[in-house]
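The values are calculated or read from the model by the stated rules, or taken from the named source; none is laboratory data. A quick note: this is a predicted structure, and the numbers were derived from the prediction, not measured. So basically every Cβ, Gly included, is an ideal-geometry build from the backbone, and we count neighbours across all protein chains shown.
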Amino acid sequence: MSIRTICCIGAGYVGGPTMSVIAQKNPSIKVIVVDMNQARIDAWNNEDLSMLPIYEPGLAEVVNEARNRNLFFSTDVDGAINEAEMIFISVNTPTKTYGAGKGMAADLQYVELCARQIAKVSKSDKIVVEKSTLPVKTAEAIKDILENTSTGVKFDILSNPEFLAEGTAIKDLETPDRVLIGGDQTETGLKAIAALVNIYTAWVPEDQIITTNLWSSELSKLTANAFLAQRVSSINALTELCESTGANIDDVAKAIGTDSRIGPKFLKASVGFGGSCFQKDILNLVYICKSLGLNQAADYWEQVVIMNNHQRNRFAHQIVKSLHGTVAAKKIGFLGWAFKKDTNDTRESAAIYVANHLLEDGANIHVYDPKVSEAKIKADLSYLWELNGVTDARIAQKLAQVFVHTDAQDALKDSHAIAILTEWDEFKSYDWNNIYENMYKPAFVFDGRNILDSMLLLSLIHI
Ligand code: NAD
Ligand code: UGA
């Protein structure tokens, strides 16, 4: 099957950048990215490229090249499904907040809605590609819906999980370590795999494209995220031990990372991993293991999340403890809110949890993040409190303790302590002597990202 038109349902952090690169590299294929969120689609279509809904280095240039040539953003989901031979499902799959599996299982309602819509609208055969991260065996459910609700149309299902990381999405898409495609090992399944391989070979060497059956592909995505997060929790699990013994965590990471069997990546100690996927995907893995009665495997992986929660709480406790047991009415400057540098994404950011803890203790939080808006910061906190059943009156009270600044120096001036929550490069080049001069004494800096030179800090202030 030769693909002339692609539809991608979901114009988010994955659908937007992924389809932009596919369109850029395949100028002869029409790529339509659809979403039910009108504001998001309007932002993708904004002539001012600084207004794209997602901040990613290099993204604006790719969009600029392909948009309105062979890349289109639209809310006409039905029209795009109908026109395309290949449909990517790239919608959100958050942790369930209700019902069976609440707090653990992936919420597949958006994926199911897509399957039903594809089945209802399609008038010709389609290849349906799972781009969202899904529990192993989801393709079976999608197939079931498609086959039982469509009218004589034939569907092939592929799994093509995305491995990009935010902040480096364009680089990861342009030079991926590998592309993974799973499909049925039948004649038509193999043809569908070949059609997708053909799209990627426009820029990815064929030997970097791994093809498997559906289940191996689905499970490999959850496994990859579990392994990456496990490394972060493993190094974080040693930070307390370093603090108690005088060892330096960066030195330990360097020493073990030079062992080629261990490798240097994902060994940066931090206030805890965030992002929309690590926690959700591990909890999903834990849920699947539990559902199958694999309790030891479930407990093993759950520990990665438990350790991460501990690291976030420990950081917040340390701030209160160092500030003589109370932060009530004290100004705490927050540098960073995004879950990592070079993104405006704040989902599951450690900053949210640390702020929550300090606000509960009465602190005034003054935040500066180069890419995150005041509205987003307040919405993140409100969402957490609403989930925990906090009353509207109490939410309003707590929000009155949150101040968001567009100038970092305003967030830090006259503060009792500073907490670094995101590793934005610009924080390293600040005039820390000057910042120290303008803080209450004794002044404290809690470097949740280990980005500042510890010798400089030691000579200036308490850490
Ligand atoms: P997102 O929330 O940014 O985007 C999802 C989009 O889908 C939203 O804009 C939403 O409006 C839209 N949508 C939902 N249901 C729809 C429907 N029925 N019709 C039309 N539009 C619909 O999510 P994301 O971060 O792009 O993640 C998408 C998937 O990719 C998730 O499964 C995630 O686990 C996976 N993933 C994410 C990343 C990442 O870096 N964010 C990386 C790899 C994989
Ligand atoms: C992660 C994976 O790296 C991607 O391969 C995957 O596609 C994606 O999840 C997904 O499925 O959503 P992402 O969450 O965007 O990507 O970013 P990472 O670079 O993995 O960072 C995740 C979190 O771990 C961040 O909060 C980061 O600061 C933290 N981290 C990472 C550390 O604390 N230390 C490290 O050494 C590395």
### Task
Examine the stretch 66-75 for a residue that is out of contact with any helix residue (DSSP H, G or I) (no Cβ under 9 Å at 6 or more places or on another chain) and within 10 Å of ligand 1 (Cβ to nearest atom), and state whether such a residue exists.
no
### Message
Anything in the stretch 268-295 that is among the hydroxyl-bearing types (S, T, Y), more than 16 Å from ligand 1 (Cβ to nearest atom) and touching a residue at least 40 places away in the same chain (Cβ under 8 Å)? List them, or say none.
### Response
S270
### Message
Between L285, L292, which is more than 7 Å from ligand 2 (Cβ to nearest atom) and closer than 24 Å to E166 by Cβ?
### Response
L285
### Task
Enumerate the pairs (first residue in the stretch 21-44 and within 15 Å of V77 (Cα to Cα) and modelled with pLDDT of 95 or more; second residue anywhere and acidic (D, E) and away from ligand 2 (no atom under 16 Å from the Cβ)) with beta-carbon separation below 6 Å, excluding pairs fewer than 6 apart on the same chain, so at least 6 apart or on different chains.
I41/D35
### Query
Among all residue pairs at least 6 apart or on different chains, which show Cβ distances below 8 Å where the first residue, located in the stretch 90-116, is over 25 Å from I22 (Cβ atoms) and the second is acidic (D, E)?
T95/D107; K96/D107; T97/D107
### Message
One residue is enough: does the stretch 105-121 have a residue meeting the conditions assigned to a loop (DSSP other than H, G, I, E, B), modelled with pLDDT of 95 or more, away from ligand 1 (no atom under 15 Å from the Cβ) and not hydroxyl-bearing (S, T, Y)?
### Response
no
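Only one of S429, S415 is under 27 Å from T239 (Cα atoms), more than 25 Å from the chain's Cα centre (by Cα) and surrounded by 20 or more Cβ atoms within 10 Å (Cβ to Cβ); which?
Just one listed residue meets the conditions, S415.
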### Message
Conditions first: (1) within 22 Å of K371 (Cα to Cα); (2) within 16 Å of ligand 2 (Cβ to nearest atom); (3) modelled with pLDDT of 95 or more. Y55 passes all but one, so which condition is the exception?
### Response
(3)
### Query
Can we say G99 is more than 14 Å from ligand 2 (Cβ to nearest atom) and on the phi > 0 side of the Ramachandran plot?
yes
## Note on the structure
Screening S20, S28, S90 for residues that are surrounded by fewer than 21 Cβ atoms within 10 Å (Cβ to Cβ) and among the small types (G, A, S) leaves only S28
### Criterion: in a helix (DSSP H, G or I), more than 16 Å from ligand 1 (Cβ to nearest atom) and closer than 21 Å to K137 by Cα - qualifying residue of A316, A298
A298
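With the requirement that a residue be of a type in the set (G, A, S), within 28 Å of C289 (Cα to Cα) and in a helix (DSSP H, G or I), what does the stretch 132-174 give you?
A139, A141
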### Message
Where the second residue is modelled with pLDDT of 95 or more and part of a strand (DSSP E or B) and the first is acidic (D, E) and lies in the stretch 164-192, which pairs have Cβ atoms under 9 Å and are six or more apart or on separate chains?
### Response
D184/D156; D184/I157; D184/L158
### Condition broken by E243, with the remaining ones in (1) within 16 Å of ligand 2 (Cβ to nearest atom); (2) of a type outside the set (F, W, Y); (3) assigned to a helix (DSSP H, G or I) satisfied
(1)
### Query
Name the pairs: first residue in the stretch 46-63 and under 15 Å from E166 (Cβ atoms), second residue within 16 Å of ligand 2 (Cβ to nearest atom) and acidic (D, E), Cβ to Cβ under 8 Å, at least 6 apart or on different chains?
I54/D345; Y55/D342; E56/E166; E56/D342; P57/D342
### Message
Need the failing condition index for T212 against (1) buried (at least 16 other Cβ atoms within 10 Å of the Cβ); (2) within 16 Å of ligand 1 (Cβ to nearest atom); (3) of a type in the set (V, I, T), just the number.
### Response
(2)
### Query
Got a number for residues in the stretch 355-365 being assigned to a loop (DSSP other than H, G, I, E, B) and of a type in the set (A, V, I, L, M, F, W, C)?
1
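From the list I256, I306, pick out the single residue that is loosely packed, with under 15 Cβ neighbours inside 10 Å and either over 16 Å from the mean Cα position of the chain (by Cα) or in contact (Cβ under 8 Å) with a residue 40 or more places away in the chain (or both).
Matching residue, one of I256, I306: I306.
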### Task
State all residues of the stretch 1-17 that are in a loop (DSSP other than H, G, I, E, B) and crowded, with 24+ Cβ neighbours inside 10 Å; if no residue qualifies, say none.
G10, A11, Y13, V14
### Only listed residue being touching a residue at least 40 places away in the same chain (Cβ under 8 Å), in a helix (DSSP H, G or I), surrounded by 21 or more Cβ atoms within 10 Å (Cβ to Cβ) and not hydroxyl-bearing (S, T, Y), chosen from A195, A229
A229
### Query
Within the stretch 225-267, can you find the residues that are closer than 23 Å to F446 by Cβ and within 16 Å of ligand 1 (Cβ to nearest atom)?
A229, V232, F266
### Query
For V136, are the conditions met, namely being hydrophobic (A, V, I, L, M, F, W, C), within 24 Å of V286 (Cα to Cα) and within 27 Å of the chain's Cα centre (by Cα)?
yes
### Query
In the stretch 320-354, which residue that is part of a helix (DSSP H, G or I) and either free of Cβ contacts under 8 Å to residues at least 12 places away in the same chain or not hydrophobic (A, V, I, L, M, F, W, C) (or both) is nearest to ligand 2 (Cβ to nearest atom)?
Y353
